[in-house]
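Following: one structure in structure tokens, then a few remarks.
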Amino acid sequence: RKEVEQDPGPFNVPEGATVAFNCTYSNSASQSFFWYRQDCRKEPKLLMSVYSSGNEDGRFTAQLNRASQYISLLIRDSKLSDSATYLCVGELDSNYQLIWGAGTKLIIKP
Amino acid sequence: DTGVSQNPRHKITKRGQNVTFRCDPISEHNRLYWYRQTLGQGPEFLTYFQNEAQLEKSRLLSDRFSAERPKGSFSTLEIQRTEQGDSAMYLCASSRTGVNQPQHFGDGTRLSIL
């Protein structure tokens, strides 16, 4: 079983819709989680950290479910510019090393 | 710009040649990571440093790959006797140590082996 798993997609979503995707992790002791965004042929860029109580940043909401060992990302009022690959990242071990999912591709259509 | 800097941005070389990439991390970050990424995949961990100490190296990494961070600042990644399968984007990231410390990436070096 992979340490961090994501649905590769693509998710094809009309502009203005709400979209959500999940990411499961296998290390129950993990404390740190992040969502990154990666545009085609560019480096990953930090979108947001994921906190235990859940957190929101504008149209983006991240949630952590420790009981079921998954994190989620919700995007409201999606924009064409939201089209990208979204990478889920979790802490691998107590040395705070991170392990990466393969990414979920999101395509927002006009 | 005080972000992570990598060079070169692109490297094209013939199979069998040696290549070296450089990464300058964010100055206050003591951790530095090297990743490899191919199309449709997430970043694949290669190795990382805490200050000048190389703490872990991926088991998938052949002995043709070596990395250094001699003074705990910039790092170099060398690939000897390159093979076509080495063609990929090589990403460097840096972070502080501790809980909830995200990694910040450079633009990457795209390696193409002819």
Return the total of residues in region A:34-47 being surrounded by 19 or more Cβ atoms within 10 Å (Cβ to Cβ) and at the interface with another protein chain (Cβ under 9 Å from one of its Cβ atoms). 5
Consider residue B:56 against the criteria (1) open to solvent by less than 50 Å² (accessible area, probe 1.4 Å); (2) within 11 Å of another protein chain (Cβ to nearest Cβ); (3) more than 17 Å from residue B:111 (Cβ to Cβ): it satisfies all of them except one. Which criterion is unmet? (1)
(1) in contact with a strand residue (DSSP E or B) (Cβ under 8 Å, 6 or more places away or on another chain); (2) open to solvent by less than 80 Å² (accessible area, probe 1.4 Å); (3) more than 26 Å from residue A:47 (Cβ to Cβ): which one isn't true of residue B:16, the others all being true? (1)
Residue B:71 fails exactly one of the following numbered conditions: (1) open to solvent by 60 Å² or more (accessible area, probe 1.4 Å); (2) closer than 18 Å to residue B:11 by Cβ. What is the number of that condition? (2)
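Residue-wise test of (1) free of Cβ contacts under 8 Å to residues at least 24 places away in the same chain; (2) part of a strand (DSSP E or B); (3) under 16 Å from the mean Cα position of the chain (by Cα); (4) closer than 21 Å to residue B:57 by Cβ.
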residue: B:3; (1), (2), (3), (4): no, no, yes, no
residue: B:6; (1), (2), (3), (4): no, yes, yes, yes
residue: B:15; (1), (2), (3), (4): no, no, no, no
residue: B:23; (1), (2), (3), (4): no, yes, yes, yes
residue: B:29; (1), (2), (3), (4): no, no, yes, yes
residue: B:32; (1), (2), (3), (4): no, yes, yes, yes
residue: B:35; (1), (2), (3), (4): no, yes, yes, yes
residue: B:40; (1), (2), (3), (4): yes, no, no, no
residue: B:45; (1), (2), (3), (4): yes, yes, yes, yes
For region A:90-107, does any single residue satisfy the condition of being assigned to a strand (DSSP E or B), modelled with pLDDT under 90 and of a type in the set (Val, Ile, Thr)? yes
Which one of the conditions (1) open to solvent by 40 Å² or more (accessible area, probe 1.4 Å); (2) away from chain B (no Cβ under 14 Å) does residue A:108 fail to meet, given that it meets all the rest? (1)
Just give me the residues in region B:91-103 being at the interface with chain A (Cβ under 7 Å from one of its Cβ atoms), of a type outside the set (A, V, I, L, M, F, W, C) and within 30 Å of residue B:18 (Cα to Cα), in sequence order. B:103
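Scanning for something in contact with a His (Cβ under 8 Å, 6 or more places away or on another chain) and within 30 Å of residue A:9 (Cβ to Cβ), does region B:4-20 turn up at least one residue?
Within region B:4-20, one or more residues are in contact with a His (Cβ under 8 Å, 6 or more places away or on another chain) and within 30 Å of residue A:9 (Cβ to Cβ).
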Per the filter on region B:23-61, residues among the aliphatic types (A, V, I, L, M) and either in contact with a Gly (Cβ under 7 Å, 6 or more places away or on another chain) or closer than 20 Å to residue A:87 by Cβ (or both) are B:26, B:32, B:39, B:46, B:60
Can you tell me which residue in region A:1-33 is least open to solvent (accessible area, probe 1.4 Å), limited to those that are in a strand (DSSP E or B) and of a type in the set (S, T, N, Q)? A:6
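The values are calculated or read from the model by the stated rules, or taken from the named source; none is laboratory data. What you see is a predicted model, and the numbers here were worked out from it, not measured in a lab. For neighbour counting, all protein chains shown are included, and Cβ atoms are generated from backbone atoms with ideal geometry for every residue, glycine included. In case anyone asks, the SASA skips ligands and DNA or RNA and just uses the protein heavy atoms, side chains included. Shrake-Rupley method; radii C 1.70, N 1.55, O 1.52, S 1.80 Å.
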